[in-house]
Amino acid sequence: MRTLALALSIALPAALNAQWSVGLSVGVGRHFGGAVSTADSTPGSVHPGRPTLVGLTVGHDWGAVRADLGLSYASPGLAVEIPGGVFVDTKAVRFYSGSPEVTVRLFRVGDDGVLRVGGGGDVVAWAITDGDTRVRVGGHVTAVYEWPVTRRFLGDVQAGVSLTPSLFDASDLSPPFERRSLLRPSVTIGIRYR
């Protein structure tokens with residue numbers, strides 16, 4: 001009996017630890033929306049620029065299903081697009097994001113690769129230089145290809161699209177500009193320890 005208890009005390013924590021994982025990622029994104037001119041005579045838009053995204057993820061697997069909590073940071077600045085050019089204030093805005101997510105293993109690719117699909121929520125805190133911080137809540141969908149790098153490490157490439165309300169308040173804009181939801185497609189590459 002004592003031998004069984006000792007074996008369980010060693011094997012059970014090892015099995016539980018194998019279900020948890022932590023990952024780091026870096027990637028790029030692009031924003032559409034924000035504020036858009038509705039006048040034909042004054043075309044243009046104002047939106048966050050093209051950020052480099054840095055992320056940390058903690059996850060737990062239940063067979064084919066994985067739940068993750070992702071935290072990310074980016075400093076995209078603010079881009080003003082008009083006919084003939086784009087002007088970017090690289091220090092105007094940055095954001096911090098928390099993203100709970102559930103993905104499901106869809107199918108295997110080759111001998112060891114896996115394709116996962118899923119989605120979840122996005123809570124984005126926009127920090128405006130010399131201004132306030134604005135929190136926006138939305139959601140995202142994602143597709144992930146992952147493969148084993150070593151016994152304990154997985155590499156992954158993730159493509160996703162996030163949709164949140166505009167970072168602008170109604171009082172920030174004057175006609176002909178109107179608020180539009182922010183659409184952010186992104187691609188990241190990362191590594192996960194399990």
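In the stretch 40-62, the residues that are touching a residue at least 12 places away in the same chain (Cβ under 8 Å) and part of a strand (DSSP E or B) form Cβ pairs under 6 Å with partners that are of a type in the set (K, R) and crowded, with 16+ Cβ neighbours inside 10 Å, at six or more places apart or across chains, as follows: G59/R66.
Among the residues here, R179 does not qualify as touching a Pro at 6+ places or on another chain (Cβ under 7 Å) and part of a strand (DSSP E or B). Of everything in the stretch 28-77 that is of a type in the set (S, T, Y) and over 14 Å from F95 (Cβ atoms), the residue that is most open to solvent (accessible area, probe 1.4 Å) is S41. For the stretch 145-180, filtered to residues that are charged (D, E, K, R) and closer than 27 Å to D61 by Cβ, the residue that is most open to solvent (accessible area, probe 1.4 Å) is R151.
Tally time: how many residues in the stretch 63-83 are in contact with a Ser or Thr (Cβ under 7 Å, 6 or more places away or on another chain) and part of a loop (DSSP other than H, G, I, E, B)? Total meeting the criteria: 1. When the stretch 181-193 is filtered for residues that are surrounded by 17 or more Cβ atoms within 10 Å (Cβ to Cβ) and not β-branched (V, I, T), the ones remaining, listed by number, are L182, R184, S186, G190, R192.
The values are calculated or read from the model by the stated rules, or taken from the named source; none is laboratory data. In this text, all values refer to a predicted model and were calculated from it rather than measured experimentally. In this analysis, Cβ positions are derived from the backbone assuming ideal geometry, glycine residues included, and neighbour counts consider all displayed protein chains. Note: accessible area is taken over every heavy atom of the protein model, side chains too, but ligands, DNA and RNA are not part of it. Shrake-Rupley method; radii C 1.70, N 1.55, O 1.52, S 1.80 Å.
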